[in-house]
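Right, one structure below, let's go through it.
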Amino acid sequence: MEIINTYLLSVVLASLLANFVISLYAIFFKPHYIKKIIALTIFSDTANTFAIFIGYRRWINQNPSKVPVLTDLNPRAVEEFAKLAVDPLPQALVLTAIVIGLAVILFLVFLGWILYSHYKTLDMREIRRLRG
């Protein structure tokens, strides 16, 4: 079972790295503005998934039906729970990044609307040519 878990975590990490590379390629080398926005969205979602992946800890317990909830407040139980529980900081950072990412994407969509109304195209090569 441990080999399968290690393999699946490796597949997830490899796919996250592939998403990073593909989205960075699209951000820098695709000329269409909408494609850049889509690639930026994929990049931010991949970064958020990577942050969750870093904060992941498998709940190791002899009783798999027991949920990871702290019910006893004695010092030994709190210490054991702190070793096994998931770190809440990456989760809080991801929630904040989702909100900020949404605001940035909305701003870029609005900027694309302004670009299209002014230049009648969203192709960056054409906009560069029209600007002179």
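As a calculated quantity, the FRET efficiency between residue 21 and residue 52 at R0 = 22 Å, using C-beta atoms, amounts to about 0.70. Estimated at 0.36 nm per residue, the fully extended path between residue 111 and residue 74 surpasses their Cα-Cα distance by 7.8 nm. Under a Gaussian network description of the chain, with springs only between Cα atoms under 10 Å, the residue in 20, 110, 50 that fluctuates furthest is 110. Over the chain, Cα pairs under 8 Å with separation of 6+ residues give a relative contact order of 27 percent. Taking the chain as a Gaussian network of alpha-carbon nodes connected by springs under 10 Å, the highest mean-square fluctuation of the residues 48, 74, 19 belongs to 74.
Calculated mean residue ellipticity at 222 nm for the chain: -26000 deg cm²/dmol, from DSSP H runs with n ≥ 4 weighted as -39500 (n - 2.57), summed, divided by the residue count and rounded to 500. Spin-label model, residue 86/residue 11: points 7 Å from Cα along the beta carbon direction are separated by 2.0 nm. With Kirkwood's inverse mean 1/r over C-alpha pairs for Rh, give me the Rg to Rh ratio of the range 2-131, two decimals please. So for the range 2-131, dividing Rg by the Kirkwood Rh gives 1.19.
Note on the chain: GNM, Cα springs under 10 Å; of 121, 49, 71, the largest mean-square fluctuation is that of 71.
Computed from the coordinates by the stated procedures, all read-outs in this text should not be read as laboratory data. All values reported here derive from a predicted model rather than from experimental measurement. Positions of Cβ are backbone-derived with ideal geometry, glycine not excepted, and every protein chain shown enters the neighbour counts.
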